[in-house]
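Visitor: One structure is given below, represented as structure tokens, and several questions about it will come after.
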Amino acid sequence: MTAFPPAWLGRRGALALAAGLLALLGAAPALAQGAWPTRTVRIIVPFAPGGGADVSARVLAEQLAPQLGQAVIVENKPGAGSALGVTFAAQAKDGHTLLMGSNSMVINPSFNPAIGYDVARDFDAVGMVSAQPLVLVVPQDSPIKSVPDIVTLYKGKNTQVTAGNSGTGTLAHLTAELFGAETGVVLTPVPYRGESALMPDLISGQVMLGFLNLPSVAPHIQSGKLRALAVTAPQPLPDLPGVPSFRALNFPSLEVQGWAALVAPKGTIPEEGLSRLEQLLTKALSSDVVKTRFAALNVAPVVQSRQATGQFLKAEGARYGAIIQARGIKPQ
């Protein structure tokens, strides 16, 4: 058996060879991490194709793919109020899966304890993607002309104030519950299967008010069928001149956004990969292409660091969890 190192190499040569081997061994993990991604990246969207989250994910996929040097595809996995797709993503351990999360991702664990994922435990934040406020509307012939009117007319009264929403446990439902807790007006939630099912009853006055997404209600506000009272955005919206924000009305707790955020299954993407994703996401969201495409969806790009996004997700879960517990809201 030949001895190692061979005698002909000499002491100086042996030391040089050993140093070279150590350098290669030390570089191997760095090379492996720096190579991410090594194949197609997929973004799970826990909703049906065609919605805001789906289109936003596809816009980002187009921007990220050339920068990552790999294809980026979108997979829709709707069901159970997004819980099906979120659970699927939490369990994906291939190292090349991302999730386009939303409010429902942090709401569902409090709303339904049987759900098998925990946002903080199961996901690494990459960054925020977008935000979209809600609009409080009433029928055009309603006696309610402003938010203070609701308090004056109905606080402490026996009148049932019906608030239509797009489903129990949705952002629209919980925002109405936050409104009731803030103002002292007891609202009776009336759930529907989506905003399109709610709209006829809201316009006709079968329900008294509702918190809805701007794209759904904008045509009816413009036609005069609905009256906008306030927006949950930090500032008034250019598309709704003269409609105040809740913050301006001294209800800062009603600053609510329907948001989207990009996350990854916990521990599946190396730190260098997550940092790279964060940088590329920031670049994409700051581009004119994404700003224009998002504007067509009536959503605003939101640039936020990984750390801040993780803290935001935790705070949002606690916020909605508290109102769900306080109101005793259960799945229907």
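Visitor: Post the alpha-carbon centroid distance, segment 129-185 to segment 52-93, in whole angstrom.
Guide: Each part reduced to its Cα centre gives a spacing of 33 Å.
Visitor: Determine the alpha carbon to alpha carbon distance for each of Lys77/Lys225; Lys77/Lys330; Lys225/Lys330; Lys145/Lys291; Lys155/Lys330 and list only those over 28 Å.
Guide: Lys77/Lys225; Lys225/Lys330; Lys145/Lys291
Visitor: By how many nm would the segment from Lys283 to Asn158 lengthen if fully extended, with 0.36 nm per residue of separation less the alpha-carbon distance?
Guide: 39.7 nm
Visitor: Apply the Karplus curve 6.51 cos²θ - 1.76 cosθ + 1.60, θ = phi - 60°, to the phi angles in segment 110-116 and return the couplings in whole Hz, x for Gly and Pro.
Guide: 7, 5, 9, x, 6, 5, x
Visitor: Same structure again: Report, ordered by chain and residue number, the aspartates and glutamates lying within cross-link reach of Lys266, taken as a straight Cα distance under 18 Å and ignoring same-chain residues fewer than 8 apart.
Guide: Asp94, Asp118, Asp122, Asp124, Glu278
Visitor: Please state the charge dipole magnitude for the chain, taken about the Cα centre, from unit charges on C-beta atoms (+1 on K and R, -1 on D and E), reported in debye and rounded to the nearest 20.
Guide: About 440 debye.
Visitor: Here's something else I'd like to know. Specify the inter-centroid distance of segment 188-220 and segment 244-313, based on alpha-carbon positions, in whole Å.
Guide: The distance from the Cα centre of segment 188-220 to that of segment 244-313 comes to 27 Å.
Visitor: Working from Cα positions, state the angle (0 to 90°, nearest 10) between the long axis of helix 271-285 and the longest principal axis of the chain.
Guide: Tilt of helix 271-285: around 50 degrees.
Visitor: Now for a different question. Please quote Rg/Rh for the chain to two decimal places, taking the Kirkwood radius as Rh and restricting both calculations to Cα atoms.
Guide: 1.14
Visitor: Could you check what % of the DSSP bridge pairs in the chain are antiparallel, to the nearest 5?
Guide: That works out to approximately 60 percent antiparallel.
Visitor: Suppose every Lys and Arg Cβ carries +1 and every Asp and Glu Cβ carries -1, with no other charges. What dipole size does segment 133-254 come out with about its Cα centre, to the nearest 20 debye?
Guide: Here segment 133-254 has a charge dipole of around 140 debye.
Visitor: Need one number: nm distance between label points at Ala114 and Leu249, each 7 Å from Cα along Cα→Cβ, rounded to one decimal.
Guide: Here the answer is 3.7 nm between the modelled labels.
Visitor: Go through 285-292, 296-303 and give me the packing order, highest mean Cβ count within 10 Å leading.
Guide: Packing order, densest peptide first, comes out as 296-303, 285-292.
Visitor: In square nanometres, what is the average projected area of the Cα convex hull of segment 133-254?
Guide: Projected over every direction and averaged, the Cα hull of segment 133-254 covers 6.5 nm².
Visitor: What is the distance, in nm, between label points placed 7 Å from the Cα along the Cα-to-Cβ direction at Ala48 and at Arg327?
Guide: 2.5
Visitor: Same structure, new question: For segment 238-249, what does the Karplus curve 6.51 cos²θ - 1.76 cosθ + 1.60, with θ = phi - 60°, yield as ³J(HN,Hα) per residue in whole Hz, taken in order and with x for Gly and Pro?
Guide: x, 6, 10, x, x, 9, x, 8, 5, 4, 5, 8
Visitor: Sticking with this one: Output wanted: per-residue J couplings in Hz (rounded whole) for segment 213-230, from phi through Karplus 6.51 cos²θ - 1.76 cosθ + 1.60, θ = phi - 60°, x for Gly and Pro.
Guide: Per-residue couplings from phi come out as 6, 4, x, 6, 9, 3, x, 6, 5, 5, 7, x, 7, 10, 10, 8, 9, 6 Hz.
Visitor: Would you mind putting 107-113, 211-217 in packing order, based on average other-beta-carbon counts within 10 Å, highest first?
Guide: Going from most to least packed, we get 211-217, 107-113.
Since every read-out is calculated from the coordinates, none of them should be taken as a lab result. Here the structure is a predicted model, which is why all the values come from computation and not from measurement. Cβ atoms come from the backbone with ideal geometry, glycine included; neighbour counts cover every protein chain shown.
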